[in-house]
Amino acid sequence: MSIQERIREDDAEAILFDAAVSPQVDARWFDPEAWDAAGALRRQGGGRGGVAIIDTPAGECVLRHYRRGGMVARLMGDRYLWKGADQTRCFAEFRLLGLIATLGLPGPQAVACRYRRQGLFYTADLITRRIADAQTLAECLAQGLLDGELAELVGALVARFHRAGIWHADLNAHNVLVRADELFLIDFDRGRQRSPDEGWQQANLARLRRSLLKLGAAAQGEAVFEEQLWKPLVYRYERTLRA
């Protein structure tokens, strides 16, 4: 699957979209209030992501406004330093999602993105197709659905991306989606393709492990977590990586 890139731009903003998904995308696509007025805003959440579920001509999509996290958010909010269009967070993630699709890996389908430049800074948004009938790995854990079999599937999922050199900047249980027929990785902000290397691959796995432990995967004790969940995950990861 290849993206048919189209760009609409002026001095202040640019919209990059996949013409194969939608032949036309304009600024209204990035305005939750416009979707709400049209009766097409399905859900809107707060938090760092600024995520809205919208019913577009291209199907049900996720609209995400880029926001900073941590201490720097107090100073910069949703603004990023301008370094050129190709280095904007949204253009980079859009194109990485295009690469992921070309490689046949299970990630969100990129629909469109936009940056708006204001002097030395810019703000950004991204629209992807919503992955229906899925829940996060964190939700599976909370519902008691994370077992050795699912852990193995997660290990295989991560290995497929690592084998292709796809580095996820924030690999955690909230960014793994579980559906009856397939698992997906989502939210590739700051991600990129790298030369496969054990160093960053193991660091990625360690980040996922910390996320699971933080969410309570070791409620029965870390030894139980290690034996029943983490060992199966790593076993399948290593087998898939070498396949």
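Could you tell me which of Y80, A110, L16 has its Cα farthest along the dipole of the chain towards the positive end, charges placed at Cβ (Lys, Arg +1; Asp, Glu -1), taken about the Cα centre? Projecting each Cα onto the dipole axis, the largest value belongs to Y80.
Residue order for Y122, Y80, Y235, fewest other beta carbons within 10 angstrom first, comes to Y235, Y80, Y122.
Taking N as the number of residues in segment 1-149, what value does Rg over Cα atoms divided by 2.2 N^0.38 Å take? Ratio of Rg to 2.2 N^0.38 Å for segment 1-149: 1.11. Calculated FRET efficiency, Q87 and D147, Cβ-Cβ r, R0 30 Å, to nearest 0.05? With a Förster radius of 30 Å, E is 0.10. Rounded to 0.05, the FRET efficiency of the Y235 and R42 pair, given R0 = 41 Å and the Cβ-Cβ distance, is 0.55. Electrostatic bookkeeping for C61 treats Lys and Arg as +1 and Asp and Glu as -1; over the other residues with beta carbon under 11 Å from its beta carbon, the sum is +2. Relative to the Cα centre, the charge distribution of segment 7-141, modelled as +1 at Lys and Arg Cβ and -1 at Asp and Glu Cβ, gives a dipole magnitude of about 520 debye. Residue by residue, segment 204-219 carries 3J(HN,Hα) couplings of 4, 4, 4, 5, 5, 4, 4, 4, 5, 5, 4, 7, x, 5, 9, 4 Hz when phi is fed to the Karplus relation 6.51 cos²θ - 1.76 cosθ + 1.60 (θ = phi - 60°); x denotes Gly or Pro. Based on the convex hull around the alpha carbon atoms, segment 135-242 presents an average projected area of 6.2 nm². Applying 0.36 nm per residue to the separation of S2 and S195 and subtracting their alpha-carbon distance, the gain on full extension is 67.3 nm.
All of the numbers you see were taken from the coordinates with simple rules; none came from a lab. This one's a predicted model, so the numbers in the text were calculated from it and none came from an experiment. No Cβ is skipped: glycine too gets one built from the backbone with ideal geometry, and neighbour counts run over all protein chains shown.
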